[in-house]
Structures are given as C-alpha cells and as structure tokens.
Amino acid sequence: MFKQGIIFVLLGIIVVPASSVSYPKSLESNLKLAGKNSAELEKVIRHYSIHRADTLKRKAAIFLIENMDVHESYVSKTWDNFQSELDSLYTKEDRPSELIKGFNTLYEKYNQGLQDVVYVSDLKTISSQFLIKNIDEAFLAWKSPFAKHLNFQDFCEYILPYRIATEPLADWRTEFNMQFIPDMYSRIRKQKDSISAKDICNALKTYPYGTITFFQSDVPDYNIHTLSVMRLGSCRYYSIQAAFAGRSLGIPVALDNTPQWATRSFGHEWNAFISPDNKPMAFGIGDQVELGKHIENVPDRIPPKIYRETFAKQPSSLFFIKNEEEIPPQFDSPCYRDVTKDYYITTNVEVKPLVAAPANKKLAYLSVFDNKNWVPVAWSKKENDKFIFSDVNRGIVCLPSYYHQGGVIPAAYPVVLRKDGSVTVLKPNLSKRDTITLKRKYQDRMHSWLGYAMLGGKFQVSNDSTFKDAVDIYNIAVKPEQYFQTVYLTTADQYKYFRYLSPKGSYGEVSEIEVYEKDTNIKLSGKVIGNNKAESDRQHYKAFDGDILTRFKSQEADGTWVGLAFDTPKAIHRISYLPRNDGNCIDNKQLYELFYWDNKWVSLGRQTGSNETYRLIYNNVPANALLLLRNLTKGTEERVFTYENGEQVWW
C-alpha cells in the first residue's frame, strides 16, 4: 500500500497519483455542470498529466473542456429514421432529379413528426475514451504538411475540435476516411505525395454530388454518416461536410458566413482554407472559380459582415455582452467571431442616433435590406451618445436601427458606405425635388452579360422573303442592358418583310421585338418567319409573344434570324427590343409604386407601365433619398436604389 502524494519513477515514466492532479480554476464551473460525468472529464486531464511530453495535449484537453458547456448534440429518433431512409436513397440513386424527388417525399413524411428533438450537453455525455482518442488523432493530424504552419491557438480551432455543429458525437475521422476521402483522392489527378492542401480544397468544392436543397423549417444538423455520404443538402451541410473532410487530413478549414447579403435576399455559409499567411481562401460547393474567389463568384452578392463559427467561446460576442437585452437570433451564439477585415478593406461607421432607443436599450445595429425587410448584420454598444460599428464592408447601404420585440426600428437615416471609404447619409431633401426616369425595379448585376448575345446584331427590312436585297435600318453597336431599348427611325420607305439578324457566334437569343408605324402605339403583327431550327421551348414566335420572360433561341449559331412577314408593306418608325432578361424591367400594363425612405417607406404614387416608352417618369422626388420601386401586378424581386447622375444606382 502506498501513501498519497508519492510519485513513482518506473523505467523513466513519471506516474502521478490521481489525488495529486490539479485542475485549473477555469474548469471548475464546467466540471460542476457536468455532474456525474465530471469523472470522465477528470480522467482526461489525469491521462495527460502523467507524462511531461503530454503537456501540450493537457492544454488541448483543458481548451476543449473549458468550452464544452456551449456545445451539444441533438437526440431525435424521428430525425435518425429520416437520415436512415435518406442513406438508403443515396445507395440506389445519384440522379439529381430523382434525389430531389425522393428527398421531398421523405421530408414530407418526417417533417410533421419532428417533435421529439432534444439537445443534450457534451459535458454530461462525452466519454473520456472518446475525448482522448480525438485529442491524440488531432495531434497526429497537426503533424501533416498541411497543418505545419498552425500555431497552437489555430490548431485548437481548426484541427482539434471533436465536433463542428450539433451532430451526435461520433468517430468522424474514421467515418470520413472510409466513406469520403478515397473518392475525393480519386478525383485529384496527381501522385498522392504531391497533393497540396489547395488541391484537396479544390476537390472538396467540386464534390460531384453537390445538389443544393433547402429545408422549409428549422431541422437538426445531419449525423456524421449522412454527412460523409451526402448527395444533396444545404450550403450549411456542404460546408460542414467539407470542414470534416479537410480537418480529417490536417487541413485547417473554417466555416464562415454572412447572416444576410447586403445586396439581395438570403444569407450564405461557405468554407475558408486558412492559408500559411493566415488569410482565408473562401470556397463553396459547386465553385467553378479559383480557390479564394468564392464570394466574388456571384456579382449580385456583397456580404456586409462575415462571421466565423468557432469552437472557443468568444468573450467579445454579443451573446456575452447582451445582459438581459433582446438580440436578433443570428447573434445569439457564443461562438461567433467577426472576420470581415480578413476578407475586405473595411470602414468604421459612426452613428449619432436621431431616435431614442425603445425600452432604454443599450445596443444598436446596422441593418441591410433583404428585398422586403431590414435585417441586422452588425452591432454596437452605445458610448458617449453614439454608436461605432467597426469593420463594415464597403459598397453597401445600411440602416442604423434598434431591435425591439422581434423587429427593426430605425435609429437614424440610412447610410451609403462607398467603395472609397466615404459615408453618405441618405436624408431625403424635401425642399429639393427631382424628376427621375426609371427602367427597372431590381438590380441587373446577375444578368447584364446577357445583352452581349445581341451586340453586333442588326435589324433589316426587305421586299424579298429571302432578304437578298436586305436594308439595314439599325445596327446594335452597344451591348443592350436589361430593359427595353427603343429605336426611332426616320425612313418613310415601306417594306413587306422585317427581321432581326443575330451577330456571328450567336444563337439569336432575344426576348421581345416590337415594331410600330408612325403615330401609333399598336404593335405591328404578321406571320412569324425565320431560319434555323429553334430549341423546343424557344420557338421563333416567342420573340413576338408579348411575354418578357420567354425567348427565341436557335439550335444553330451564325446567321440566325427571326422576323415578321406583313400582309402589306409597312413603314417602320419605331423598334423596341429586349434581350434575354430576368423580368424586372418596366413592362407594359404593369402597375408600379415608388417609395422613398423617411423612417418608413413613403409613397410617391402609382404608375402603369406603357409600351410607348417602357419607362416610368416621376416628378417631385426628394433629392438624396433612398428609393424602392414595387411592381404591384406581379413579381417579388425589388431592390433599394439611389438616383445619381441620371441613373438608378442599386444597393
């Protein structure tokens, strides 16, 4: 029998009795919260207190246990059954259309029964064996050539964690190395010892089963097996999958997100490879762009703020600063860190509130417009009667606001954060009124390129059906934008045949063509004519059908044309034409309403679109105002804009 406190040295190994192991004070609270399971956590600390060589592993164990109180797993028999049937679907089907069909059937079957989801704290359930195995394997992964640039702090965030989301605890390294990694390596056309971390990240983003699908309600995260064999999922699920896969090989892969795009609806989640220079190289499922260019990939999306999910609690997060104050749900996490300045040159925005805070609130927010409502994306605590929002991305419009009873209340006028770092306050000047001309109700960043299909095309007339004596009446010398282009002609000559001849290399794509005689607003009609066989759902007549969302397109490039044969020769005075588009331009007989922002949306009146101009002209519009145009007849997309130098500027 040996006395307490005696240390024995056997074959050079230092053996430390359990009673002599000390635990940091930082663990006291979590060991208490763990209840009976504290014994399992203490075993881990003791395990790494025996050998001097395990000092760093002991620190790693302390890091995990210190932060374990904010991590949990879901438990749900219903959700487990859903994933089991989903796994069966994956084993027999890989066609996207059939996968989506099968997924929707399963989701409808199980969604209504998702009442048994509960979450259990890792502190109360994790075993010492699981945690020790995870720590040992993480340290082996740290030795990989992909992770050698990581310091201990970064290792703790990007390699060490035993979980990423709220998936049930599982041996994810083994699962991914069995189910996912072999196929991933097979897609990399290099010798294994020459493969780089960038090669692997490129393989992750080109995962062949990258069909995006969305859940219509909040559901738990997938379990490890489902993630490793997933054939369709949300951006979040694919980000979790890529992070597990990368980390299993020692590649530091983070999960970054923006709660709301500044320039359109929705938010987004993606991955970031933490490169040796400590810069995030963003990538996401389905990327067709260079690693690190994921955010710039889609031109209509600017993130106002970017946050990183962490394993460690972030003392500066709003979760810990809110006290008893109500905060937006997207900020109600202790494990979010602002990394916007790692991606962009940012601006600090100083705001003096013009409206008193409701219920004596101490917090304010910058909110961006999601096409319908204002959504908080950044926060600040009041200091010296002002709020300072740090590290906000540029090229956006934000509304200083409060969050109260689940909604946004304006605190000051909107501000434009321009790309040069300057800030413009959008206070409408009610004493200075302008006349403005509107062509669209929504930004065209995603579709502007479509006009190139018509650049170099021409409109011709002839009195011969073969156009052997064709007369050019208008050449398209400038790329047409995403609204109707109107051309006025001066010729009085009459012709029986009219056509649009597309440029070389074009398939003749055009959404609408309208021709008019002088002093009339009635479209000319005739027999639709053309050459080359059209695509099955894009026949020649759709260039003249009055529907801006249909279009003509040939199966063949070069020399494609589409036109009209009139009953009698006509003198064409006006041509209106529209390239392939998104349907958000001003359209004939549609009812619109224009608003400006003055602590709420204030109407400037309604107008009906006309094929005479395909423009709306509004008088008495306050200068320096933030504007919004709504189509009251159809459509859902609408975007805030300013009017500068005679043009709509979209935000």
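The values are calculated or read from the model by the stated rules, or taken from the named source; none is laboratory data. Source: prediction; values computed, not measured. All Cβ positions, even for glycine, are placed from backbone atoms using ideal geometry, and neighbour counts span all protein chains on display. Accessible surface areas use protein heavy atoms only, side chains included; no ligands, DNA or RNA. Shrake-Rupley method; radii C 1.70, N 1.55, O 1.52, S 1.80 Å.
For region 424-522, the equivalent ellipsoid derived from the alpha-carbon gyration tensor has semi-axes of 35, 20, 10 Å in decreasing order. The Cα center of region 493-511 and the Cα center of region 217-234 differ in position by 50 Å. Note that the chain presents 47 Å² accessible area per residue, ligands and nucleic acids not counted, probe 1.4 Å. Full extension of the segment from residue 475 to residue 277, taken as 0.36 nm per residue of separation minus the current Cα-Cα distance, would add 66.1 nm. For the listed peptides 63-69, 314-320, a ranking on the average number of other beta carbons within 10 Å per residue, highest first, reads 63-69, 314-320. Note on exposure: 172, 374 ranked by accessible area (1.4 Å probe, complete protein assembly) read 374, 172, with the most exposed listed first. A crude spin-label estimate for the pair residue 504 and residue 136, with each label 7 Å from Cα along the Cβ direction, gives 7.0 nm. Once the C-beta distance of residue 355 and residue 437 is scaled by a Förster radius of 30 Å, the resulting FRET efficiency is 0.35 to the nearest 0.05. Figure legend: label point modelled 7 angstrom from the Cα of residue 567 along Cα→Cβ; residues of region 514-553 with amide N under 13 Å from it are 524-527. For region 284-363, the set of GluC sites (Glu not before Pro) satisfying both a DSSP loop assignment and a count of at most 16 other C-beta atoms within 10 Å is given as 290, 324, 325, 326. Helix-only arithmetic for the chain: the sum of -39500 (n - 2.57) across DSSP H runs with n ≥ 4, divided by the residue total, places the mean residue ellipticity at 222 nm at -6000 deg cm²/dmol.
Sorting the segments 282-289, 351-358, 237-244 by their residues' average number of neighbouring beta-carbon atoms within 10 angstrom, most packed first, yields 237-244, 282-289, 351-358. Between the Cα long axis of helix 55-66 and the first principal axis of the chain there is an angle of about 60°, rounded to the nearest 10. Take the Cβ atoms of residue 382 and residue 341, set R0 to 25 Å, and the FRET efficiency comes out at 0.65. Helix 96-111 and the longest principal axis of the Cα set of the chain meet at an angle near 60°. Classify region 518-559 from the C-alpha gyration tensor, please: rounded if a/c falls under 1.5, else prolate or oblate depending on whether a/b exceeds b/c. Prolate is the answer for region 518-559, as a/c is 1.5 or above and a/b outweighs b/c.
On region 47-178, 53 percent of the accessible area sits on carbon and sulfur atoms, based on a 1.4 Å probe. Cα centroids of region 261-309 and region 28-83: how far apart, whole angstrom? What the calculation gives is 32 Å, centre to centre. Within a straight-line Cα-Cα reach of under 17 Å, residue 419 can be paired with the following lysines, leaving aside sequence neighbours fewer than 8 residues apart in one chain: 305, 341.
In region 182-270, the portion of solvent-accessible area held by carbon and sulfur atoms comes to 49 percent [1.4 Å probe, whole percent, DNA, RNA and ligands not counted]. The slack in the chain from residue 216 to residue 620, taken as 0.36 nm per residue of separation less the alpha-carbon distance, amounts to 141.2 nm.
As a rough guide to protection, the peptides 610-616, 506-512 ranked by mean Cβ packing within 10 Å, highest first, stand as 506-512, 610-616. Label positions at residue 533 and residue 192, each projected 7 Å from the Cα along the C-beta direction, are separated by 5.0 nm. Per-residue extension of 0.36 nm, minus the Cα-Cα distance of residue 296 and residue 33, leaves a gain of 90.2 nm for this segment. Under the combined filter of DSSP loop state and at most 16 neighbouring Cβ atoms within 10 Å, region 378-437 retains these trypsin sites (Lys or Arg not before Pro): 382, 418, 419. Protein heavy-atom surface of region 509-591, 1.4 angstrom probe: 43% of the accessible area is carbon and sulfur, with nucleic acids and ligands not counted. For the pair residue 598 and residue 129, a Förster radius of 60 Å applied to the C-beta separation gives a FRET efficiency near 0.40, rounded to the nearest 0.05. In the calculated pair-distance distribution of region 22-149, the portion above 23 angstrom amounts to 53 percent of the Cα-Cα pairs.
Please give the residues of region 223-260, grouped as numeric ranges, whose backbone N is less than 15 Å from a label point set 7 Å along the Cα-to-Cβ vector of residue 178. Taking a point 7 Å out along Cα→Cβ of residue 178, the residues of region 223-260 whose backbone N falls under 15 Å are 224-230.
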